[in-house]
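Down below is the structure, laid out as structure tokens.
The values are calculated or read from the model by the stated rules, or taken from the named source; none is laboratory data. All values derive from a computational prediction rather than experimental measurement. Positions of Cβ are generated from backbone atoms using ideal geometry, with glycine treated the same way; all protein chains shown enter the neighbour counts.
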Amino acid sequence: MNIEIKKSQKPVNYEDALKFMEKRLLEIDQNKSNDLIWILEHEDIYTAGTSYKESEIIDKSIQVLKTNRGGKITYHGPGQLICYFVISLKKRKKDIRKFISIIEKTIIETLKYYSIDTFPDKNNIGVWYNDNSNIKKIAAIGVRVSKWIAYHGFSININNDLKKYDAIIPCGINDKGVTSLNNIKDQNYKGIEDKLIDNFISNLKS
């Protein structure tokens with residue numbers, strides 16, 4: 001199964017990215033295009049998934065873009081690695097939970113390469129880090145499946161401004177924090193996207 005790898009050097013407008021993915025989804029459904037993994041970054045934006053609640057917006061002055069992905073409210077911005085995808089599950093296992101597990105495993109394996117131990121939580125989607133008994137989210141996942149094609153993606157905090165999360169209850173979880181790779185371990189994360197892509201492709205084959 002061929003997968004196109006796309007890397008955007010400049011920040012991509014969120015709504016433009018969504019339109020691009022939805023167009024690709026239709027092309028994949030009609031066997032006119034390959035699956036896609038897309039690495040990019042957004043400018044500052046708050047987005048809300050299909051299960052968010054208004055009470056999860058703490059700062060009522062912020063603008064929140066409502067989307068059709070799963071999940072609740074999150075923040076995207078500079079210093080955050082975003083991995084979008086449009087991947088058909090028709091020729092793979094039609095198992096959304098397994099697909100989410102593949103994403104979690106991909107992130108965990110990638111961060112392990114940088115000597116950072118993280119873990120999934122069966123009750124709260126995403127990837128988490130134990131910071132002296134304070135559980136903090138390092139990666140958020142939001143997926144939608146249409147015609148058995150999965151799209152949207154996940155984000156990993158590298159060196160983004162964590163104060164931006166103060167305006168919301170991230171992912172609707174108010175008893176856990178948010179962190180970044182630089183906060184955990186100040187080191188060079190150059191090349192992390194390539195490691196991530198390699199692990200993702202490898203895990204999709206499993």
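Scan the stretch 57-69 and tell me whether some residue there is buried (at least 16 other Cβ atoms within 10 Å of the Cβ), under 18 Å from residue 3 (Cβ atoms) and in contact with a Lys or Arg (Cβ under 6 Å, 6 or more places away or on another chain). Write out each step before concluding.
Kept after step one, since they are buried (at least 16 other Cβ atoms within 10 Å of the Cβ), are these residues of the stretch 57-69: 57, 64, 67, 69.
After this cut, where a residue has to be under 18 Å from residue 3 (Cβ atoms) as well, the list is none.
Within the stretch 57-69, none of the residues are buried (at least 16 other Cβ atoms within 10 Å of the Cβ), under 18 Å from residue 3 (Cβ atoms) and in contact with a Lys or Arg (Cβ under 6 Å, 6 or more places away or on another chain).
What do you reckon, is residue 145 in a strand (DSSP E or B), touching a Leu at 6+ places or on another chain (Cβ under 9 Å), touching a residue at least 12 places away in the same chain (Cβ under 8 Å) and surrounded by 22 or more Cβ atoms within 10 Å (Cβ to Cβ)?
Working: in a strand (DSSP E or B): yes; touching a Leu at 6+ places or on another chain (Cβ under 9 Å): yes; touching a residue at least 12 places away in the same chain (Cβ under 8 Å): yes; surrounded by 22 or more Cβ atoms within 10 Å (Cβ to Cβ): no.
Criteria not met by residue 145.
Give the stretch 162-186 a look and list any residue that's surrounded by 15 or more Cβ atoms within 10 Å (Cβ to Cβ) and outside any helix (DSSP H, G or I), or say none.
168, 169, 173, 176, 177, 178, 179, 180
Are any residues in the stretch 190-206 surrounded by fewer than 18 Cβ atoms within 10 Å (Cβ to Cβ) and either at pLDDT 95 or above or under 16 Å from residue 114 (Cα atoms) (or both), and if so, which ones?
Residues of the stretch 190-206 surrounded by fewer than 18 Cβ atoms within 10 Å (Cβ to Cβ): 190-191, 194-195, 198, 201-203, 205-206.
Hits for the stretch 190-206 are 190, 191, 194, 195, 198, 201, 202, 203.
In the stretch 57-87, what residues are in contact with an Asp or Glu (Cβ under 6 Å, 6 or more places away or on another chain) and of a type in the set (Gly, Ala, Ser)?
If the condition is that a residue be in contact with an Asp or Glu (Cβ under 6 Å, 6 or more places away or on another chain) and of a type in the set (Gly, Ala, Ser), then 77 is the only one that fits.
So which of 118, 179 ends up being in contact with a Phe, Trp or Tyr (Cβ under 8 Å, 6 or more places away or on another chain) and without any contact (Cβ under 8 Å) to a residue 40 or more places away in the chain?
Numbers: 179 fails: without any contact (Cβ under 8 Å) to a residue 40 or more places away in the chain.
Matching residue, one of 118, 179: 118.
Considering only residues that are surrounded by 16 or more Cβ atoms within 10 Å (Cβ to Cβ) and among the charged types (D, E, K, R), look in the stretch 128-142 and name the one that is nearest to residue 51 (Cα to Cα). Please lay out each step first, then the result.
Within the stretch 128-142, the first condition is being surrounded by 16 or more Cβ atoms within 10 Å (Cβ to Cβ), and the residues that meet it are 128-129, 135-142.
So of that shortlist, the ones also among the charged types (D, E, K, R) come out as 136-137.
Working: 136: 21, 137: 19 Å.
If we take residues in the stretch 128-142 being surrounded by 16 or more Cβ atoms within 10 Å (Cβ to Cβ) and among the charged types (D, E, K, R), then 137 is nearest to residue 51 (Cα to Cα).
Hey, does the stretch 56-74 have a residue that's touching a residue at least 12 places away in the same chain (Cβ under 8 Å), under 26 Å from residue 191 (Cα atoms) and under 12 Å from the mean Cα position of the chain (by Cα)?
yes
Please verify whether residue 103 is closer than 18 Å to residue 205 by Cα, out of contact with any Pro (no Cβ under 8 Å at 6 or more places or on another chain) and surrounded by 22 or more Cβ atoms within 10 Å (Cβ to Cβ), treating the condition exactly as stated.
Numbers: closer than 18 Å to residue 205 by Cα: yes; out of contact with any Pro (no Cβ under 8 Å at 6 or more places or on another chain): yes; surrounded by 22 or more Cβ atoms within 10 Å (Cβ to Cβ): yes.
Yes, satisfied.
How many of the residues making up the stretch 99-150 are of a type in the set (D, E, K, R) and under 16 Å from residue 199 (Cβ atoms)? Full working, then the answer.
Kept after step one, since they are of a type in the set (D, E, K, R), are these residues of the stretch 99-150: 104-105, 109, 112, 117, 121-122, 131, 136-137, 144, 147.
Narrowing further to those that are under 16 Å from residue 199 (Cβ atoms): 104-105, 109, 112, 117.
Of the residues in the stretch 99-150, 5 are of a type in the set (D, E, K, R) and under 16 Å from residue 199 (Cβ atoms).
Looking at residue 125, is it under 13 Å from the mean Cα position of the chain (by Cα), among the β-branched types (Val, Ile, Thr) and surrounded by 15 or more Cβ atoms within 10 Å (Cβ to Cβ)?
Details: under 13 Å from the mean Cα position of the chain (by Cα): yes; among the β-branched types (Val, Ile, Thr): yes; surrounded by 15 or more Cβ atoms within 10 Å (Cβ to Cβ): yes.
It is true that residue 125 is under 13 Å from the mean Cα position of the chain (by Cα), among the β-branched types (Val, Ile, Thr) and surrounded by 15 or more Cβ atoms within 10 Å (Cβ to Cβ).
Tally up the residues in the stretch 46-101 that are part of a loop (DSSP other than H, G, I, E, B) and charged (D, E, K, R), please.
Here is the first cut: in the stretch 46-101, the residues part of a loop (DSSP other than H, G, I, E, B) are 49-53, 58-63, 67-72, 77-79, 89-95.
So of that shortlist, the ones also charged (D, E, K, R) come out as 53, 59-60, 69, 72, 90-95.
The total comes to 11.
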